[in-house]
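A.B. asks: The following block contains the structure, expressed as structure tokens.
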4 protein chains.
Amino acid sequence: MSLNTFGHLFRVTTWGESHGPALGATVDGCPPNVAIDEADIQHWLDKRKPGTSKYTTQRREADAVKILSGTFEGKTTGTPVQLMIENTDQRSKDYGDIIEKFRPGHADITYYQKYGNRDYRGGGRSSARETAARVAAGGLARAALNTLAPQVEITGYMTRMGAHEIDRANFDWAQIEQNPFWTPDAKAAETWADYLDGLRKSGSSVGAIIEVTARGVPAGLGAPVYGKLDTDLAAAMMSINAVKGVEIGEGMSAAMLTGELNADEITMGPSGPEYSSNHSGGILGGISTGQDIVIRFAVKPTSSILTTRKTITKSGEDTEIITKGRHDPCVGIRAVPVGEAMMACVILDHLLLHRGQIGKNQGVIGA
Amino acid sequence: MSLNTFGHLFRVTTWGESHGPALGATVDGCPPNVAIDEADIQHWLDKRKPGTSKYTTQRREADAVKILSGTFEGKTTGTPVQLMIENTDQRSKDYGDIIEKFRPGHADITYYQKYGNRDYRGGGRSSARETAARVAAGGLARAALNTLAPQVEITGYMTRMGAHEIDRANFDWAQIEQNPFWTPDAKAAETWADYLDGLRKSGSSVGAIIEVTARGVPAGLGAPVYGKLDTDLAAAMMSINAVKGVEIGEGMSAAMLTGELNADEITMGPSGPEYSSNHSGGILGGISTGQDIVIRFAVKPTSSILTTRKTITKSGEDTEIITKGRHDPCVGIRAVPVGEAMMACVILDHLLLHRGQIGKNQGVIGA
Amino acid sequence: MSLNTFGHLFRVTTWGESHGPALGATVDGCPPNVAIDEADIQHWLDKRKPGTSKYTTQRREADAVKILSGTFEGKTTGTPVQLMIENTDQRSKDYGDIIEKFRPGHADITYYQKYGNRDYRGGGRSSARETAARVAAGGLARAALNTLAPQVEITGYMTRMGAHEIDRANFDWAQIEQNPFWTPDAKAAETWADYLDGLRKSGSSVGAIIEVTARGVPAGLGAPVYGKLDTDLAAAMMSINAVKGVEIGEGMSAAMLTGELNADEITMGPSGPEYSSNHSGGILGGISTGQDIVIRFAVKPTSSILTTRKTITKSGEDTEIITKGRHDPCVGIRAVPVGEAMMACVILDHLLLHRGQIGKNQGVIGA
Amino acid sequence: MSLNTFGHLFRVTTWGESHGPALGATVDGCPPNVAIDEADIQHWLDKRKPGTSKYTTQRREADAVKILSGTFEGKTTGTPVQLMIENTDQRSKDYGDIIEKFRPGHADITYYQKYGNRDYRGGGRSSARETAARVAAGGLARAALNTLAPQVEITGYMTRMGAHEIDRANFDWAQIEQNPFWTPDAKAAETWADYLDGLRKSGSSVGAIIEVTARGVPAGLGAPVYGKLDTDLAAAMMSINAVKGVEIGEGMSAAMLTGELNADEITMGPSGPEYSSNHSGGILGGISTGQDIVIRFAVKPTSSILTTRKTITKSGEDTEIITKGRHDPCVGIRAVPVGEAMMACVILDHLLLHRGQIGKNQGVIGA
């Protein structure tokens, strides 16, 4: 099985390790004649790049993308697009403890148990560096959406950092690009800055919640019953490193509602159905309603911290570990562009599926 | 794309509508020589069957499964297993309003917008009757696990109904089969009985949270990075009707933890690594740790309620609707065996994947 | 892996054994709103049905198809279509030798070696009865083509029986339906009648070559480089029981040509490119040219013959076998509608793929 | 759909164009702990490399492979292996006619009709340079087979060049590496040398037949009914540029045999079943018998010839074309290592499938 691949028609295979020569995304199924160049993709990679503020890892990576195939004269040809990012900061360091010890809360131990080998260099394939390849692929997906469905707008932002949640009353789309946390709540950004600074200095880390909204997605995307739009989005987000929970619309809180409160009422608007609310998160029965698609995911705190923790070695001896190195006190920050990229890939994929199977059969209400 | 199919090697395709002649599951990839007969599968279907208590829909369905292929002399042969359930209670009723009006919070409108047609008979393919096929497939998966990994034990249970959550201090595995809500908290069962009775009488409905635990799963299952065990489980659960959120281990709450609190410490036990806690839900980096695998999902309240709600018709006119009929006040109850079935299918699938690709290479700690 | 499934978007999973209760095809991905009823599919099944002439097996099967799901009010809904054929003539016979002995040239031995079990009843899953399910699925594919691309016409016919090939000078489309061999050469039909009668009486069998032509297929279908139209057609035909060779256009003889002879010259016609010849079989670089698509496949003689042959038993003892029973002296005859069905499925599948990925980007020469 | 990908568990995605910066293969699903380095893969690439004799294109390409991911300390880790080959001889030439005119018998016209764009640089993605990526992936597959099933031996060779077939009486495995045509018949090699020299000088081209034999493949590989070993091999070979026909064992000639002649008789040998002959090509019912697996494919003559041919331009005007440039008079020669590579990938893939699904259930005759 192609288990490093996601997508049905827009298929993204990521490859590469934290400290190998390069990593990248092999994208098969991108529609032809989409205008794209390296700068278009670099734009999104720069958003995810480490070292852009004191709140993210100080590893220095140019994260410069090269398009090795699939385009000609500034447009996609319809053949596979190879997006490569060379690893430049493979600091030749003393891995010390890490070679023998497993970090608690980290994939070290399970990769070893599964594969019987250990790429201790920065976590190997389990490193969050893999997400750079997702962001590159997401850049290509956005370019394709720009051609096929230019009204679609995809935005990710943080709604919680540790104990601190945003106040929805302060929600302002314009704020998102104005602070290092990609949060729409300017006041939260201030609180979080102090909070995270404290965590960083104490060598601790904290989790976060990221929300991604897709506006302008047409009704009718999604393929029941195992290729539902929400199923594919949930899988896409859960596949991101450190994610432990995924919610669509009302999410886990839907359990607390009654039917009266949960069902969004429908009225007829000038250009189609309108809804009194969006508890559904823009998806009913796995198919988009035309409302905003809203997904949230929780990122756990990174397991690389400066506190001593009990662990074992490859040879099965009890020991302790402290993880030094260049780490993110809140990996959720850099997960924002990753969540956006996954959303872009899934929306494009379902748009292509819908075009293939449905054609002109789509039901238009009131037609 | 095979969008009514899930699984990599153990592939389940469900088919059928609420009021067609039959529904079922075509299962491809079941290992050969697994002992199975119809009674083994019927056992699990009976658990999900409607009309078993006053808390579930009064639709009468025998839900009797027939094995049409793939077995010989009481064992699987390795060829596709066809599991068919005939629909018997296709009550010839007056569909009335439903033919023209869309139910708010229901897939009626999106199926119409996608496919341009309307199977108004009981929701057609979007009906929760589809989940009977999942339970049948899950029964087969359990039989295969019984042969390949008999120590695996999969149990689902309700942990929340609407406003009421269980008290973990009361958790008792033995209680789960003792009450109509499959809850491990006997006290909660009493509270819920009254609560749900009230909702049922008032024609309302409520959401729920179901947790499914798999005990005895070996370390090493799961395939990074897009076929992670948690990714596949999240997709499996999110694909169930009415599910709006999925959590692994600490779930959404992981966002609120610091790295010190979240990382489960490791010590060496007599038969392998042991963990001080299970915040990870038994999965690190997408691969099982050998601990209990714990997943939770939230089911929204059914949209079929007796309160008048605003909606529109196929021709785009504003109107109102009340949904009469035989419905579940808390669909979460019958989602419990469905969640178990999905867990069984995913665990088996990853067991088969692991056998194929890893063989004797698996790393044994301390070996 | 779903190894009983073929197709990318129009996905057909066949299930069932020769002597189980039923067999069928689960078809996922059929476009919605295609007019279809059981009679449409029965039409094609009747063409394949055994016992229609003295030249085919005398097993009596009604091969009556039932549509169990996926249609409503005479049209497909876009959900999975379940096509079931009940086995009626499961003659309770004395299997005798067959239970222990492997028939030479038959899948008996390899199925046993692979799966470790033996469904000796009529060959189990390896029986050519499985092809009834293909023909049913092909009937659905033809109905969908009739909606999406009504100009497409798919016709299969025999061009060789054993030593006897047709004379292309006698080729007459109208003849194909006029003889029990589906051959376009009326004279060949006469010769073959005598020839096959002799083989049948002596308990022997013979191979055949079937050609399938698809006319009216638009240019541009096919997906390089591993989903090429010819690749998918070759796989589709090779997957039919007893097929040992597949040729596109010039086929194996292409090896004997020089570049001058092989390359079909192009001129501009009133409605697009025209070709001086069709050595390519309507496919260049894996993509359709708009010419007739021409594929041929060779069917080996059935291994069930009345001559004594050396073989072994399950317990590894040398022995001999004669296969009595109701067999086809030339299975190629009944392979004709099967080849047509596979062609219909592949063409529809690639039409759906093309619609999804290419949209309005298709290049029009001279536009 | 991942249409530039082949394989079920050992999944190879090739990418890249004739004149882009690089091409390669992204291989997902390679088992871990397989010893591999760049030299192991280079060995097979050198066999396919252009310019090694006067009988192949004079394009100069180092075809030096780089492993960018998936290995650590000389072994595979179980993560995706990226194999990259940089294009060095992207001669900046005057493409002249080719920009506007379509070459008869070439994919130029169909790619344009499908994708609406034209990468005229050396045929873009439709160039046979894509097969270098296949050979690289095949090198990795061979290394994995070397670990998992070291007794498997895969050898390709030419059995026909144009009018000239080998004499099977002269068949000598040792000869294959001794002549530039990879033919086992030393006399044929002499005849072909003169024959091809004449064709080359006259600017003509000719087709060929390549046979690939896999020895030592265990019984039981192959997955009926659409993942049959012969189906997957047929698809693999048909997907190679210029292939027009594929045969297993007796191939197209099976049509001419009677059942008595075709069925290979079975006797019990010291280590399992033995066969009197190999008409089946080592595959019965889609599953390997343990005999040699034998497949043949026909390669058409390249369409790039020095004879004037009629064609049309993108704007739909009639014209003529002569294709100058560096071409292979018999592309079949360089198809030999490509066929071997495809065989290696398919055998490994089915070995992995078999391990996952069957385990210890395999039937042993006489056990």
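A.B. asks: How well do other chains shield peptide B:182-195, expressed as the mean number of their Cβ atoms within 10 Å of each residue Cβ? Let's see the in-between values first.
C.D. replies: On the way: counts 0, 0, 0, 0, 0, 0, 0, 0, 0, 0, 0, 0, 0, 0.
Mean partner shielding for this stretch: 0.
A.B. asks: Over chain C, what is the relative contact order in percent, taking alpha-carbon pairs closer than 8 angstrom and at least six residues apart?
C.D. replies: 21 percent.
A.B. asks: Further, regarding this structure: Mean Kyte-Doolittle hydropathy of 0.0 or higher plus an axial Cα length of 24 Å or more: which whole DSSP H helices in chain A meet both? Present the calculation step by step, with values, prior to reporting the outcome.
C.D. replies: Working: long enough: A:130-148 (28 Å, 0.53); A:332-357 (38 Å, 0.76).
What comes out of the filter, once short or polar helices are dropped, is A:130-148, A:332-357.
A.B. asks: Using a label point 7 angstrom from Cα along Cα-to-C-beta, what distances in nm, from shortest up, separate C:Ala186 from the other copies?
C.D. replies: Shortest to longest, the spacings are 5.9, 8.9, 9.1 nm.
A.B. asks: Summarise the long-distance tail of P(r) for segment C:128-238 by giving the % of C-alpha pairs beyond 17 Å.
C.D. replies: Working: 4044 of 6105 pairs.
Counting pairs separated by more than 17 Å, the tail of P(r) holds 66 percent.
A.B. asks: Inter-copy label distances at D:Gly366, 7 Å along the Cα→beta-carbon direction, one decimal in nm, shortest first?
C.D. replies: For D:Gly366, the inter-copy label distances come out at 4.5, 6.9, 7.9 nm.
A.B. asks: Can you list the residues, at least 5 places off or on another chain, whose amide H is less than 5 Å from the amide H of C:Met268, using H built in the peptide plane?
C.D. replies: Residues meeting the criterion, in which the H sits 1.01 Å from N, are C:Glu274, D:Asp318.
A.B. asks: Once amide H atoms are built 1.01 Å from N in the peptide plane, which residues 5 or more positions from C:Thr56, or in another chain, come under 5 Å H to H?
C.D. replies: Those lying under 5 Å, H to H, from C:Thr56 are C:Gly51.
A.B. asks: Which of the three applies to segment C:102-172, rounded, prolate or oblate, going by the alpha-carbon gyration tensor with a ≥ b ≥ c and a/c under 1.5 meaning rounded? Walk me through the numbers before you get to the answer.
C.D. replies: Values: a/c = 4.40, a/b = 1.49, b/c = 2.96.
Here segment C:102-172 falls in the oblate category.
A.B. asks: Pick from B:Ser202, B:Ser303, B:Ser253: which is most flexible by mean-square fluctuation in a GNM of chain B where alpha carbon atoms under 10 Å apart are linked?
C.D. replies: In this elastic network of chain B, the residue with the biggest mean-square fluctuation among B:Ser202, B:Ser303, B:Ser253 is B:Ser253.
A.B. asks: What's the minimum Cβ distance from chain D to the axis relating it to B, in whole Å, and which residue gives it?
C.D. replies: Minimum Cβ distance to the axis, with residue: D:Gly356, 1.
A.B. asks: Packing-wise, with mean Cβ within 10 Å as the measure, how do A:242-251, A:144-153, D:269-278 rank, highest first?
C.D. replies: Numbers: A:242-251: 27.2, A:144-153: 16.6, D:269-278: 14.2.
For the peptides A:242-251, A:144-153, D:269-278, the packing ranking is A:242-251, A:144-153, D:269-278.
A.B. asks: Could you work out how far the C-alpha centroid of segment D:112-174 sits from that of segment A:248-295, in angstrom?
C.D. replies: Cα centroid of segment D:112-174 versus Cα centroid of segment A:248-295: 54 Å apart.
A.B. asks: I've got another one for you. What nm value, rounded to one decimal, do you get for the distance between B:Glu153 and A:Asp37 when each label is placed 7 Å out toward the C-beta?
C.D. replies: 6.4
A.B. asks: Another question, if that's okay. Assuming R0 = 25 Å, what is the FRET efficiency of B:Ser202 and C:Glu73, from their Cβ-Cβ distance, to the nearest 0.05?
C.D. replies: On the way: r = 36 Å, r/R0 = 1.44.
Computed FRET efficiency for B:Ser202 and C:Glu73: 0.10.
A.B. asks: Could you list C:Glu73, C:Glu17, C:Glu317, C:Glu211 in order of exposure, starting from the residue whose Cβ has the fewest other Cβ atoms within 10 Å?
C.D. replies: Arranged by neighbour count, lowest to highest, C:Glu73, C:Glu17, C:Glu317, C:Glu211 become C:Glu73, C:Glu317, C:Glu211, C:Glu17.
A.B. asks: Between B:Arg168 and A:Arg168, take the C-beta separation as r, use R0 = 22 Å, and let me know the FRET efficiency to the nearest 0.05. Each step should come with its number before you reach the end.
C.D. replies: Values: r = 30 Å, r/R0 = 1.37.
Calculated transfer efficiency: 0.15.
A.B. asks: Related question: Calculated FRET efficiency, C:Ser277 and D:Thr52, Cβ-Cβ r, R0 35 Å, to nearest 0.05? Write down the numbers at each step before the final one.
C.D. replies: Values: r = 34 Å, r/R0 = 0.97.
About 0.55, to the nearest 0.05.
A.B. asks: Placing the label point 7 Å from Cα along the Cα-to-Cβ direction, what are the distances from A:His43 to the equivalent spots in the other copies, shortest first, in nm to one decimal?
C.D. replies: 4.9, 5.3, 5.9
A.B. asks: Turning to a different aspect of this structure: Can you give the translational diffusion coefficient of the protein assembly as shown in µm²/s, computed by Stokes-Einstein from the Kirkwood radius over Cα pairs at 37 °C and 0.692 mPa s? All intermediate terms of the calculation are to be shown ahead of the outcome.
C.D. replies: Details: Rh = 32.6 Å.
The calculation lands on 101 µm²/s.
A.B. asks: Which three lengths, in whole Å and largest first, does segment D:4-63 cover when its Cα atoms are put on their principal axes?
C.D. replies: That gives 39, 25, 20 Å along the principal axes, largest extent first.
A.B. asks: Find the centroid of the Cα atoms in segment C:55-88 and in segment A:307-342, then give the distance between the two in whole Å.
C.D. replies: The two parts, judged by their Cα centres, are 56 Å apart.
A.B. asks: At 37 °C and 0.692 mPa s, what whole-number value in µm²/s does Stokes-Einstein give for the translational diffusion of chain D, with Rh from the Kirkwood sum over Cα pairs?
C.D. replies: Values: Rh = 21.7 Å.
Diffusion coefficient, whole number: 151 µm²/s.
A.B. asks: Under 5 Å between amide H atoms, partner at least 5 residues away or on a different chain: which partners does C:Ile305 have, H built in plane at 1.01 Å?
C.D. replies: Here C:Thr323 satisfy the definition.
A.B. asks: With contacts defined as alpha carbon pairs under 8 Å and 6 or more residues apart, what's the relative contact order of segment B:251-367 in percent? Numbers along the way, then the final one.
C.D. replies: Details: 82 pairs, mean separation 16.0, N = 117.
Relative contact order here is 14 percent.
A.B. asks: When the Karplus curve 6.51 cos²θ - 1.76 cosθ + 1.60 is applied with θ = phi - 60°, which whole-Hz ³J(HN,Hα) does each residue of segment B:4-9 get, with x for Gly and Pro?
C.D. replies: After applying 6.51 cos²θ - 1.76 cosθ + 1.60, I find 10, 10, 9, x, 9, 9 Hz.
A.B. asks: Right, here's the next one. Stick to the Cα atoms of segment B:1-142, pair each with every other, and give me the Kirkwood hydrodynamic radius in Å at one decimal.
C.D. replies: Numbers: mean 1/r = 0.0615 Å⁻¹.
Value: 16.3 Å, from the Cα pair sum.
No lab work stands behind these numbers, since they all come straight from the coordinates. Since the model is a prediction, treat every value here as computed from it, not as a measurement. Ideal geometry is used to build each Cβ from the backbone, glycine not excepted, and the neighbour counts take in all protein chains shown.
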